[in-house]
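Peer 1: Structure below; questions to follow.
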Amino acid sequence: MKADDALLRILACPIDKGPLALLAAEEALYNPRLRRRYPILDGIPQLLPSSGEQLSDTDHERAVRQIEEAAEADAEARAEQTEGAGS
């Protein structure tokens, strides 16, 4: 699964029904509101409530940093595409 995958936009946490963020390096989806990580096995998100894992404070902070870094990289890539298209 990739960050720009259309499936990611429609997947929701099975507990609070809110959006999930991709943790690509860990092959997981993450709900920062509940601090729950759901694994992706063979490309299939495991979104049963029992599949989720509660993260510690340290792991939560690392996951949030990973999400923020991915968002920054995506924004930079889009800006480069826009600049290249305008030339």
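Read-outs: derived from the displayed coordinates by stated rules, not from any lab. Please read all numbers here as calculations on a predicted model, not as lab measurements. As a convention, Cβ positions derive from the backbone with ideal geometry for all residues, glycine included, and neighbour counts pool all protein chains shown.
Peer 1: For each of L48, L22, count neighbouring Cβ atoms within 10 Å of the residue's Cβ, then give the residues from fewest to most. Can you show the working numbers first?
Peer 2: Values: L48 9, L22 22.
The order, fewest Cβ neighbours first, is L48, L22.
Peer 1: Given contacts defined as C-alpha pairs under 8 Å and at least six residues apart, what's the relative contact order of the chain, whole-number percent? Could you put the intermediate results ahead of the total?
Peer 2: On the way: 90 pairs, mean separation 15.9, N = 87.
Taking the mean separation of contacting Cα pairs over the length of the chain, I get 18 percent.
Peer 1: Okay, moving on. Going by C-beta contacts inside 10 Å, put S56, S50 in order with the fewest on the left.
Peer 2: On the way: S56 9, S50 6.
Ranking S56, S50 by Cβ neighbours within 10 Å, fewest first, gives S50, S56.
Peer 1: Next up: Run lengths n ≥ 4 of DSSP H only: what is the helix-derived mean residue ellipticity at 222 nm for the chain, with -39500 (n - 2.57) per run over all residues, to the nearest 500?
Peer 2: Working: 2 runs with 35 residues, N = 87.
Computed mean residue ellipticity for the chain: -13500 deg cm²/dmol.
Peer 1: Picking from D59, D42, D74, which is most flexible by a Gaussian network model of the chain using Cα springs under 10 Å?
Peer 2: Looking only at D59, D42, D74, the largest GNM fluctuation is found for D42.
Peer 1: Any idea what the alpha-carbon Rg over 2.2 N^0.38 Å comes to for the chain? Mind showing how you got there, number by number?
Peer 2: On the way: Rg = 14.4 Å, N = 87, 2.2 N^0.38 = 12.0 Å.
This ratio for the chain stands at 1.20.
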